[in-house]
There are 2 protein chains.
Amino acid sequence: MDPHRALDYARTRRAPFVSELKEFLRFPSVSSQPRRARDLKKCARWLARHLHRIGLERVKVIPTPGHPIVYASWLRAPGRPTLIIYGHYDVLPGEPLSEWRTPPFTPSLKNGNLYARGAADDKGQLFSHVKAIESYLRTQRALPVNVKCIFEGEEEIGSPHLTSFITRNQRALRADAAVISDTRMLAPDRPAISYAQRGGLRVELKISGSPHDLHSGNFGGAVLNPVQALCQMIARLHDAHGYIAIPGFYDDVRRWGEAERSFMARNGPTDEEILQDAQAQWDWGESGFTLYERTTIRPALTLNGITGGHQGPGSKSIIPASALAKLSFRLVPDQNPQKIAQLFRDHIARITPDAVRSSVQTFSPIEPALVDRNHPAVKAAALAYRKGFGSPPVFIRSGGSIPVVNTFQQILGCPAVLLGFGLPDDHIHAPNEKFHLPNFYQAIATSIWYLAVAARLRSAPRMQQTDWQSQ
Amino acid sequence: MDPHRALDYARTRRAPFVSELKEFLRFPSVSSQPRRARDLKKCARWLARHLHRIGLERVKVIPTPGHPIVYASWLRAPGRPTLIIYGHYDVLPGEPLSEWRTPPFTPSLKNGNLYARGAADDKGQLFSHVKAIESYLRTQRALPVNVKCIFEGEEEIGSPHLTSFITRNQRALRADAAVISDTRMLAPDRPAISYAQRGGLRVELKISGSPHDLHSGNFGGAVLNPVQALCQMIARLHDAHGYIAIPGFYDDVRRWGEAERSFMARNGPTDEEILQDAQAQWDWGESGFTLYERTTIRPALTLNGITGGHQGPGSKSIIPASALAKLSFRLVPDQNPQKIAQLFRDHIARITPDAVRSSVQTFSPIEPALVDRNHPAVKAAALAYRKGFGSPPVFIRSGGSIPVVNTFQQILGCPAVLLGFGLPDDHIHAPNEKFHLPNFYQAIATSIWYLAVAARLRSAPRMQQTDWQSQ
């Protein structure tokens with residue numbers, strides 16, 4: 001197997017690769033919007049046809065109670081290791097549409113960037129591996145290793161059906177490592193391997209007062225306003241120093257030693273870099289920690305949205321009947337999402353004023369995850385990066401959550417290798433998301449190299465003879 | 001002039017009166033929604049045609065930079081007093097539509113109530129006077145007094161063009177008293193005359209962080225969340241005892257003596273009645289004051305709405321770029337809306353954290369208003385109520401704001417007589433607004449009596465010879 005022939009193929013095929021990625025990005029595969037369910041199905045079918053066309057085998061669109069999983073494999077390298085390649089074809093909503101310079105589902109090229117919702121998160125990153133596989137299969141009709149592709153359609157809503165799929169197919173999905181490209185590098189010339197992700201928990205907090213809106217003239221000053229009560233309660237979720245003020249919240253937060261913290265300081269972004277990425281002038285949060293630490297080894301509680309009463313233009317003289325906040329926790333080792341959910345409920349019950357009612361719903365518990373950065377499959381990734389990007393990767397922690405990391409590590413027992421190809425200014429989860437095309441090309445090269453280097457890993461025997469079967 | 005003949009006519013015409021009111025309520029004359037401008041114009045024209053048909057004269061639809069004013073007069077009672085009859089044909093939005101049992105602009109009769117947006121506020125109340133006038137003109141071709149009807153289309157947005165209209169036509173609009181029916185009674189058998197209204201000031205407070213939404217995984221814990229900052233700032237607008245925590249806010253609040261407070265206690269609703277109207281279990285607000293006092297002689301600051309970040313179903317892992325709250329002050333003598341606006345701006349500037357930016361916009365300043373409850377025109381109203389409803393009215397203060405009261409009193413120098421025909425459970429400014437039909441009938445009778453009783457008031461000479469002329 002000659003990676004150079006694959007690399008040459010990829011180099012000459014850049015224009016069609018970008019066209020195909022644009023096709024992929026045109027599907028508004030927004031997993032959180034029920035009305036988009038058909039678009040997810042169409043996107044999954046398009047992806048499956050594409051995988052079939054480039055020569056992958058056993059291609060399936062596997063239904064789930066939610067959005068389908070696209071599966072494909074190539075297992076014709078007996079005795080060689082088996083890699084899972086994981087990605088997700090679902091995306092976040094495009095809203096607010098008015099803030100996009102070009103429509104989110106009309107991919108647009110400008111200054112070497114491809115703008116579209118999902119361009120970096122995660123269609124572009126996923127597609128880099130697909131194009132690497134194509135480059136081998138088209139030039140040599142074979143891959144250096146066995147691969148099992150798992151592309152899900154529910155990552156942005158917390159992967160509710162992936163774990164049960166993997167658990168049910170535990171034997172069939174056995175692998176030596178799982179490659180996940182859904183993270184970011186530090187800069188175009190600073191590739192990065194993520195070796196830790198924060199866990200998470202989503203929360204909806206609703207405050208209710210009277211059964212209907214009240215006239216603010218008639219009742220203003222005599223009854224508690226649910227919007228005001230909600231704000232006052234939210235104000236009591238943090239203390240004046242940026243710490244989360246929920247009793248017991250920090251009990252299980254792991255304290256990292258000097259060795260790890262100085263490794264982080266050497267490898268991670270500086271405070272200035274993080275502020276610049278955020279286009280923020282001032283930092284905020286737990287004193288005594290760098291911003292990189294605050295966003296990785298420290299937990300966070302974020303208000304994702306708030307709504308109540310009159311919205312839109314003009315005015316309405318009301319005391320709203322209710323108000324709702326959407327919050328999300330980012331959790332770190334050794335916090336447990338279920339325990340945090342209970343602490344939150346207890347705290348809310350304690351701080352809810354008598355004059356209103358509160359209700360709490362929790363969703364998408366995700367455990368924090370850690371990857372052994374000395375595992376051979378991870379070291380192989382570092383080598384591939386050096387070949388693909390011309391620079392060694394830094395090992396960084398991610399502030400976000402990638403539920404599947406734990407799933408692969410705990411259920412399949414294989415390390416998760418997080419090769420990030422996104423950039424800090426890709427505006428993922430925001431208007432004008434983009435994928436930097438030079439990164440796309442170098443990501444393909446890196447994946448080509450990884451498939452080659454991974455071939456030298458010691459494999460568990462006969463791993464490749466198990467495969468997913470419809471049941 | 002025989003009020004009994006008018007009363008007989010009104011009694012036999014109840015069914016057509018209700019049908020006509022339904023027609024009037026069908027116009028979605030929502031003054032705060034620019035897309036409804038044509039509906040306001042249509043509604044104004046319908047009303048003008050109606051006034052012409054019942055025999056009023058000099059009927060005009062007078063354009064303003066906003067929505068038109070409908071004017072009509074009848075000035076054929078030389079030597080008799082002149083009354084202004086004021087009402088507004090504009091309404092609040094119907095939203096949230098899902099909470100209406102019948103659509104807001106499809107008037108629906110049920111159990112003696114007519115359900116529609118504007119049924120009580122203010123089309124139904126305004127129409128009671130129109131039907132009283134009709135009852136005289138159809139039976140006797142004359143009214144006991146001169147009348148000048150001013151029906152505006154911008155009350156719900158703070159009457160931005162009414163004052164200049166009245167100022168410009170000060171001479172033409174001279175009158176001995178202005179009758180305003182846009183308030184409520186205490187119960188179906190407890191009519192009420194409002195002798196005080198709170199002033200007001202609307203405020204929009206916007207908090208901005210980064211220029212776009214940030215990924216909450218990447219930045220959660222390191223930058224200040226604008227929604228959180230807004231909530232924390234809102235929490236600092238009240239103290240723990242329900243008082244407004246803006247320095248200087250209470251400086252000009254008039255302290256009422258025991259005489260007025262015990263008059264209020266004898267005549268106003270009890271705490272229990274106010275809580276029952278609000279369908280609230282617990283009161284809230286300034287200790288040391290009854291709920292009636294809190295909503296009338298004490299100021300209030302109400303959150304009318306809040307919005308920021310992800311709304312609607314599902315989740316979005318973002319730190320929102322900005323958040324916005326809509327607030328409104330209710331002000332009391334001797335507070336000045338402009339001074340309060342400045343105190344609010346100063347306070348916000350003081351409490352805005354460094355890490356975000358705040359901006360404040362203020363709208364619709366309204367001065368608090370007081371009416372002399374011993375004025376003969378007010379006493380005449382009490383007599384009319386006794387005849388129309390069979391009970392003497394109580395004299396109460398209103399918590400809401402009726403900007404036109406000050407306009408009439410200050411510019412035209414005539415007392416405002418606030419005959420309320422609404423009920424506390426009419427759900428004005430809320431879904432399922434209604435008008436109680438027995439109140440409609442008794443309101444017409446009360447207006448018929450008022451026109452008769454007012455004929456005995458001493459009139460300023462030749463008041464009726466001035467009238468509005470288009471300019």
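The values are calculated or read from the model by the stated rules, or taken from the named source; none is laboratory data. Please read all numbers here as calculations on a predicted model, not as lab measurements. Every residue, glycine among them, receives a Cβ derived from its backbone with ideal geometry; neighbour counts consider all protein chains shown.
Note on the stretch A:232-243: residues that are touching a residue at least 24 places away in the same chain (Cβ under 8 Å) and more than 9 Å from chain B (Cβ to nearest Cβ) amount to 2. Kindly establish whether A:D283 is touching a strand residue (DSSP E or B) at 6+ places or on another chain (Cβ under 9 Å) and surrounded by fewer than 23 Cβ atoms within 10 Å (Cβ to Cβ). Here the answer is yes, as A:D283 does meet what is asked. For the stretch A:295-320, filtered to residues that are small (G, A, S) and either within 18 Å of the chain's Cα centre (by Cα) or more than 7 Å from chain B (Cβ to nearest Cβ) (or both), the residue that is surrounded by the most Cβ atoms within 10 Å (Cβ to Cβ) is A:A300.
Identify, please: which residue in the stretch B:344-383 is among the basic types (K, R) and outside any loop (DSSP other than H, G, I, E, B) and is, among those, nearest to the other protein chains (Cβ to nearest Cβ)?
Taking the stretch B:344-383 as the starting set, the residues that turn out to be among the basic types (K, R) are B:345, B:350, B:357, B:373, B:379.
When the remaining residues are screened for being outside any loop (DSSP other than H, G, I, E, B), the result is B:345, B:350, B:357, B:379.
Details: B:R345: 18, B:R350: 16, B:R357: 9, B:K379: 26 Å.
Across the stretch B:344-383, the extreme among qualifying residues is B:R357.
A:G55 meets all of the listed conditions (1) touching a helix residue (DSSP H, G or I) at 6+ places or on another chain (Cβ under 8 Å); (2) outside any loop (DSSP other than H, G, I, E, B) but one, namely (2).
Please tell me if B:I366 is within 21 Å of the chain's Cα centre (by Cα) and on the phi < 0 side of the Ramachandran plot.
Working: within 21 Å of the chain's Cα centre (by Cα): yes; on the phi < 0 side of the Ramachandran plot: yes.
Yes.
Tallying residues that are touching a residue at least 60 places away in the same chain (Cβ under 8 Å) and farther than 21 Å from B:A323 by Cβ within the stretch A:209-223 yields 9.
Total residues in the stretch A:308-339 satisfying the condition of being of a type in the set (S, T, N, Q) and within 22 Å of B:K316 (Cβ to Cβ): the figure is 3. Every residue in the stretch B:384-396 that is under 20 Å from B:T296 (Cα atoms), buried (at least 22 other Cβ atoms within 10 Å of the Cβ) and either among the basic types (K, R) or more than 14 Å from chain A (Cβ to nearest Cβ) (or both), please. Listed by number, the list holds a single entry, B:P393.
For the stretch A:81-109, a residue qualifies if it is closer than 30 Å to A:L412 by Cβ and either more than 21 Å from the chain's Cα centre (by Cα) or part of a loop (DSSP other than H, G, I, E, B) (or both), and the qualifying residues are A:P81, A:T82, A:Y89, A:D90, A:L92. Inspect all residues belonging to the stretch B:333-356 and state whether any of them is surrounded by 21 or more Cβ atoms within 10 Å (Cβ to Cβ) and under 29 Å from B:L186 (Cα atoms). So far as the stretch B:333-356 goes, yes, one or more of its residues are surrounded by 21 or more Cβ atoms within 10 Å (Cβ to Cβ) and under 29 Å from B:L186 (Cα atoms). For the stretch A:272-294, enumerate the residues that are more than 8 Å from chain B (Cβ to nearest Cβ) and either out of contact with any helix residue (DSSP H, G or I) (no Cβ under 7 Å at 6 or more places or on another chain) or not in a helix (DSSP H, G or I) (or both). Hits for the stretch A:272-294 are A:E272, A:E273, A:Q276, A:S287, A:G288, A:F289, A:T290.
Taking B:P424 as the residue in question, decide whether it is assigned to a loop (DSSP other than H, G, I, E, B), within 12 Å of chain A (Cβ to nearest Cβ) and in contact with a strand residue (DSSP E or B) (Cβ under 7 Å, 6 or more places away or on another chain).
Details: assigned to a loop (DSSP other than H, G, I, E, B): yes; within 12 Å of chain A (Cβ to nearest Cβ): yes; in contact with a strand residue (DSSP E or B) (Cβ under 7 Å, 6 or more places away or on another chain): yes.
Considered against the rule, which asks whether it is assigned to a loop (DSSP other than H, G, I, E, B), within 12 Å of chain A (Cβ to nearest Cβ) and in contact with a strand residue (DSSP E or B) (Cβ under 7 Å, 6 or more places away or on another chain), B:P424 comes out as yes.
Annotation: A:L324 fulfils all but one of (1) of a type in the set (A, V, I, L, M, F, W, C); (2) touching a Leu at 6+ places or on another chain (Cβ under 6 Å); (3) more than 7 Å from chain B (Cβ to nearest Cβ); (4) under 30 Å from B:F329 (Cα atoms); the unmet one is (2).
Going by what's in this entry, would A:P438 be described as touching a Gly at 6+ places or on another chain (Cβ under 7 Å) and within 14 Å of another protein chain (Cβ to nearest Cβ)? Considered against the rule, which asks whether it is touching a Gly at 6+ places or on another chain (Cβ under 7 Å) and within 14 Å of another protein chain (Cβ to nearest Cβ), A:P438 comes out as no.
Please state which one of A:T407, A:T352 is out of contact with any Lys or Arg (no Cβ under 7 Å at 6 or more places or on another chain), touching a residue at least 40 places away in the same chain (Cβ under 8 Å), farther than 30 Å from A:H215 by Cα and β-branched (V, I, T). Quick ask: steps written out before the conclusion?
Values: A:T352 fails: farther than 30 Å from A:H215 by Cα.
None of the other options fit; the residue is A:T407.
Return yes or no: is B:P65 modelled with pLDDT of 95 or more, surrounded by fewer than 16 Cβ atoms within 10 Å (Cβ to Cβ) and not in a helix (DSSP H, G or I)? Please lay out each step first, then the result.
On the way: modelled with pLDDT of 95 or more: yes; surrounded by fewer than 16 Cβ atoms within 10 Å (Cβ to Cβ): yes; not in a helix (DSSP H, G or I): yes.
Yes, satisfied.
The criterion of at least 1 residues that are under 30 Å from B:D283 (Cα atoms) is met, among strands (runs of 3 or more DSSP E) falling completely within the stretch A:133-215, by A:199-208. Within the stretch A:166-225, the set of residues being modelled with pLDDT under 90 and more than 13 Å from every other protein chain (Cβ to nearest Cβ) comprises just one member, A:A187. Of everything listed in (1) of a type outside the set (V, I, T); (2) farther than 25 Å from B:V453 by Cα; (3) modelled with pLDDT under 95; (4) surrounded by fewer than 16 Cβ atoms within 10 Å (Cβ to Cβ), the single unmet condition for B:P78 is (2). Per the conditions (1) more than 22 Å from B:R236 (Cβ to Cβ); (2) free of Cβ contacts under 8 Å to residues at least 40 places away in the same chain; (3) at the interface with chain B (Cβ under 8 Å from one of its Cβ atoms), the sole criterion not satisfied by A:R255 is (3). Of the set (1) at negative phi; (2) at pLDDT 95 or above, all apply to A:E156 but (2).
Restricting A:P211, A:P191 to residues that are surrounded by fewer than 19 Cβ atoms within 10 Å (Cβ to Cβ) and of a type outside the set (K, R) narrows the list to A:P211.
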